[in-house]
Ligand SMILES: NC(=O)c1ccc[n+]([C@@H]2O[C@H](COP(=O)([O-])OP(=O)(O)OC[C@H]3O[C@@H](n4cnc5c(N)ncnc54)[C@H](OP(=O)(O)O)[C@@H]3O)[C@@H](O)[C@H]2O)c1
């Protein structure tokens, strides 16, 4: 009989410190809550101090002895990413982090929005911001087995295509099929390429990825176009799961003993929409090494964030 992996399988996280982006809502919040229950110390960034404090209060209501550090981070603003990373490094000097979970994201913004830094909002929130954050925090991650960088992608990555002449929807902008799908494919490519580079420099840190299937969170409610909203509302009762279940693949990628370098985890049900965590295939488009290298170089150029020795890996 197959045994399903649940939060009961999470090993003790006592003495471990994690950063979880987007931890005030949906999958990020449930991931944080589950890790807090197992004793992890958590850095909980949200877009505003009020949201971060509220998330911490909701966790403390269920885990009164949780060690929490509410923080502010806007992944769509480079200055905010640098300021957050600097505060983390200052407060927890040296190699002091066990986990970085790049979870935060937005979807299907109906019109192309450009941030103050000149980046398309979905691309920077879902991909460039997490890329920069990872580069800035990587030196703070302990060089030991058990350390991981988890990147949350989406089944939508299967629809994505990296278009170097349209990375930010500057030529054609389609909210879901192009912009969101491309950003989530970029996440998956990044996760794979990060693992390749970590291995090349002999680092024990693992890069893994996950997707939650279709989980009911604030993601759908906020930004979807009318047609997509109707489609999702119709599918919801049959094909969706709650955010607690949706967080399991992320938790598996972060702490399961059986998760492997470059592993990608999602729900085990039909079309990976719901269920318990299992290894899922990495879409073919995420396995093209030349695209991965080019995307990495372009991302370093756009963010001006370098990854130390990893940047020099051929
Ligand atoms: N739910 C699903 O079915 C599904 C499916 C596939 C993939 N995913 C992925 O799962 C991840 C979590 O999404 P979710 O479903 O839990 O959605 P959610 O409830 O909307 O949570 C998204 C989180 O990201 C944060 N965020 C958005 N923009 C940000 C920014 N500029 N800087 C920092 N944080 C920002 C949000 O903060 P605010 O509260 O301030 O908006 C929120 O905390 C995302 O990467 C999403 O693409 C979800």
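Here, each number is a calculation from the coordinates, and none is a lab measurement. Predicted, not measured: the structure shown is a model, and the values here were computed from it. Every residue, glycine as well, gets a Cβ built from its backbone with ideal geometry; the counts of neighbours run over all protein chains shown.
Points to keep in mind about this one:
- Once the Cα gyration tensor of region 119-232 is diagonalised, semi-axes √(5λ) in Å: 28, 16, 12
- Calculated on alpha-carbon atoms, Rg and Dmax of the chain in Å: 17.9, 53
- Label sites at residue 54 and residue 89, each approximated as a point 7 angstrom past Cα along Cα to Cβ, lie 3.2 nm apart.
- Hypothetical label at residue 199: residues of region 231-270 whose amide nitrogen lies under 11 Å (7 Å Cα-Cβ projection): 261-263
- Chain lengthening between residue 177 and residue 244 when straightened (0.36 nm per residue, less Cα-Cα): 21.5 nm
- Whole-angstrom gap from region 84-105 to region 283-311, using each part's C-alpha centre: 21 Å
- Region 1-118: translational diffusion in µm²/s, Stokes-Einstein, Kirkwood Rh over Cα pairs, 10 °C, 1.306 mPa s: 104 µm²/s
- 222 nm mean residue ellipticity, helices alone, for the chain (DSSP H n ≥ 4; -39,500 (n - 2.57); rounded to 500): -11500 deg cm²/dmol
- Using a Gaussian network model of the chain in which every pair of alpha carbons under 10 angstrom is joined by a spring, one finds that among 93, 267, 45 the greatest mean-square fluctuation is at 93.
- Gain upon complete extension [residue 14, residue 72; 0.36 nm per residue less C-alpha separation]: 18.5 nm
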